[in-house]
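Single-structure report; data block below.
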Number of protein chains: 2
Amino acid sequence: MKILITGGAGFIGSNLVRTLHEGSLLSADELVVIDNLSLGRREFIADLIDDSRLFFYEQDLLDAESLHAVFDKHRPDLVWHLSANSDIGYGAKFTDWDLKQGTLATYNVLEAMRRVGTKKVVFASTSAIYGEATVLPTPEDYGPLFPISLYGASKLACEGLISSFCHNFGFQAWIYRFGNIVGKNGTHGALVDFIGKLKKSPNRLPVLGNGKQAKPYLHVSDCIEGMVFGFQHANEQVNYFNLACPGATSVTALAEAVVEAFGTDTQIEYSGGTRGWVGDVPQVRLDTSRMTSLGWQARYSSDQAAAKAVEELMEQMAPGV
Amino acid sequence: MKILITGGAGFIGSNLVRTLHEGSLLSADELVVIDNLSLGRREFIADLIDDSRLFFYEQDLLDAESLHAVFDKHRPDLVWHLSANSDIGYGAKFTDWDLKQGTLATYNVLEAMRRVGTKKVVFASTSAIYGEATVLPTPEDYGPLFPISLYGASKLACEGLISSFCHNFGFQAWIYRFGNIVGKNGTHGALVDFIGKLKKSPNRLPVLGNGKQAKPYLHVSDCIEGMVFGFQHANEQVNYFNLACPGATSVTALAEAVVEAFGTDTQIEYSGGTRGWVGDVPQVRLDTSRMTSLGWQARYSSDQAAAKAVEELMEQMAPGV
């Protein structure tokens, strides 16, 4: 099987590429990685790039012509589409950012697939499509879907594009709606932010919101295992799952874990308000029973995943502290 | 109040512009009409264009710079965004058509609003966002939302953009999910198609599908009254309603009504299959209880609306038959 991974040098992508390269969960004859390295980093997969089974393309999904050329050359059997803007707050400042990086890029990927007959796609969606759901934990069939961030709006648009390509062109899709994913090679999110801030200035840690925002944190290794498991065990035309662990971890707990890891005398300073930023959904709980029914559950709880990620990110970002 | 209407020379748009111009339901100090006349027709509103309160711009919503200029000049209080591709089948052939005419055009409208501080938007959405719903009649809170047409995907993307602009920039929205709308100035759909075909060749009427597809048909006068009523009586930040009548009319009933109006000896020939075309949802029933709770219901039943529309379209398209 030839697998093409978009965003394959990014946080989740680089972990996925490494796992697929090892072949323990799913074996691939050829791995084609596309990343524009705007958020991803070559170093995350640098040691794999020389492998004759791996083809790395540093290019942007918005360049449809170059994208089609890669598809023409490799004709993948499966696309793992992970590339996206991951900075939700940024989308509120530059209102076409998620539209381009999310919606248009995804259209380009689907159209590239259609042109060469690639029919299977795994897609990284988000719980942000639920907006401020009135049902917690939120099940996959929740409606209405009124995202409050342009990021969520873009992911919802992508899900719609995918489902319509499934119906019109015989695609098959595995859509995973993530809560927060954490772990090695993290490039964004609260933990990365906190560690970065403490490295610069260890005495104070500014935290957005009142710290009571709480979301499920899934370790990236669980995320990848879950995505592969669903791909192997669900066989509808459009397969869709919340991919998370039950429960949640508060922002305060994350901040305290990072402060403890630094071992410094740090004042945590909250900016106040229930939200971290405009478009932030302060309370996220995801109903994970569909994945459980399929036979999968996360190895790490939300708190355990966060603790493991703090350890891994400290090692990468602030070694020796 | 200054009202800007996109697609204001189109089917629903021209009827809306005429109603707003009369001022019986809602009075406007200024009407700004934008239409690229790709589906709309100048003749639908030609007699109004000379009015000093009405400003007509023949331009495309994809030309953001010209759009911004219109918004800079008129600074509307309310936008009635009706412009879209209305040919669902076309979107399956040209896969970027709905993306451009729907998603990108809507983004341009929202961004033009944001730039000048316009906060209120009425949006023409569609029951196609529900895809092939397993619950009939389908309520507004139905999930999951997996549209099967690129048209439905685009409208879902637009709803997400609108809800995120509401949250991020203080917009207020009235989203109406239509079934089929019929009546004077119709430019597309089964009735227009059937009348056009019989004008050309009165002895046979080719019909897509097996004729058993059945959907709710709402008369355009009811559509406009309902949209205005909801705008006046619902005051959430994101207001969303199915706008339809209860019940449904089959394609066979539509075909027979048109044949009867022509008074010809016509053979109705079905192409077969449960769907009219790829992306067609064969059975649509919409739960209209939210509009009913608000205090509004359609004047005409689905069958009555269809009969009235046949009469009106015959007068426009095949006068004297």
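Points worth noting:
- Per-pair calculated FRET efficiency, R0 = 22 Å: B:GLN283 and B:VAL321 via Cβ, rounded to 0.05: 0.10
- Protection proxy ranking, highest mean first, for peptides A:151-162, A:28-39: A:151-162, A:28-39, where packing is the per-residue count of other beta-carbon atoms within 10 Å, averaged.
- The share of C-alpha pairs in the range B:94-164 whose separation exceeds 13 Å stands at 66 percent.
- Here is how far apart the A:GLY170 label points are across copies: 5.3 nm, shortest first, using a point 7 Å from Cα toward Cβ.
- A:GLN297 label point (Cα plus 7 Å toward Cβ) to equivalent points in the other copies: 4.8 nm, shortest first.
- Stretch gain in nm, segment A:LEU37-A:HIS68, where the contour uses 0.36 nm per residue and the Cα spacing is subtracted: 9.3 nm
- Axis of helix B:105-116 versus longest Cα principal axis of chain B: the two differ by about 20°, to the nearest ten degrees.
- Using the Cβ-Cβ distance between B:ASN235 and B:VAL116 with R0 set to 25 Å, the FRET efficiency works out to roughly 0.65.
- Spin-label model, A:GLU260 to A:THR292: label points 7 Å out along the Cα-to-beta-carbon direction sit 2.6 nm apart.
- Inter-chain Cβ neighbour average for residues B:54-65, partner chain, 10 Å: 0
- Gaussian network model of chain A, springs between alpha carbon atoms under 10 Å - residue of A:SER271, A:SER289, A:SER83 with greatest fluctuation: A:SER271
- Per residue of chain B, the DSSP helices (runs of n ≥ 4 H) give a summed -39500 (n - 2.57) that works out to -12000 deg cm²/dmol at 222 nm.
- Long pairs among A:LYS155/B:LYS184; A:LYS100/B:LYS215; A:LYS73/B:LYS93; A:LYS100/A:LYS184, criterion Cα-Cα beyond 30 Å: A:LYS155/B:LYS184; A:LYS100/B:LYS215
- Evaluated over chain A, the Cα radius of gyration and Dmax, each in Å: 19.0, 59
- Scaled to the globular estimate 2.2 N^0.38 Å, the Cα spread of the range A:149-189, given as radius of gyration, is 1.50.
- Rg/Rg_globular for the range A:17-139, with Rg_globular taken as 2.2 N^0.38 Å and Rg from C-alpha atoms: 1.17
- Take each residue in A:164-174, count the other chain C-beta atoms within 10 Å of its C-beta, and the mean is 5.
- Folded to 0 to 90 degrees: helix B:64-74 orientation relative to chain B principal axis, Cα: 70 degrees
- Label point at B:GLN267 placed 7 Å out along Cα→Cβ; residues across the range B:191-232 whose backbone nitrogen lies under 14 Å: B:202-207
- Mean projected area (nm²) of the alpha-carbon convex hull when the protein assembly as shown is viewed from all directions: 28.9 nm²
- Counting only Cβ charges, +1 for Lys and Arg and -1 for Asp and Glu, the dipole size of the range A:80-152 around its Cα centre is about 420 debye.
- On full extension, the segment bounded by A:ASN203 and A:PHE169 gains 6.6 nm, given 0.36 nm per residue less the C-alpha separation.
- Note on A:THR126, B:THR274, A:THR288, A:THR187: ascending count of other Cβ atoms within 10 Å places them as B:THR274, A:THR187, A:THR288, A:THR126, the fewest first.
- Cα-based helix-to-principal-axis angle, B:302-317 vs chain B, degrees rounded to 10: 90 degrees
- Estimated FRET transfer efficiency when R0 is 60 angstrom, pair A:SER27-B:ARG75 (beta carbons, to 0.05): 0.50
- Within the range B:213-321, the GluC sites (Glu not before Pro) that combine a DSSP coil assignment with at most 13 other C-beta atoms in a 10 angstrom radius are B:GLU236.
- Ascending list, in nanometres, of distances separating the B:GLU256 label from those of the other copies (7 Å, Cα toward Cβ): 7.2
- Assigned charges on the beta-carbon of Lys, Arg, Asp, Glu; the range B:49-184 dipole about Cα centre (debye): 280 debye
- Counting only other chain Cβ atoms within 10 Å of each residue's Cβ, the peptide A:150-156 averages 6.
Bear in mind that the values in this text are calculations on the coordinates, not laboratory data. Everything numeric in this text was worked out from a predicted model, so none of it was measured. Here Cβ is always computed from backbone atoms with ideal geometry, including for glycine, and neighbour counts include all displayed protein chains.
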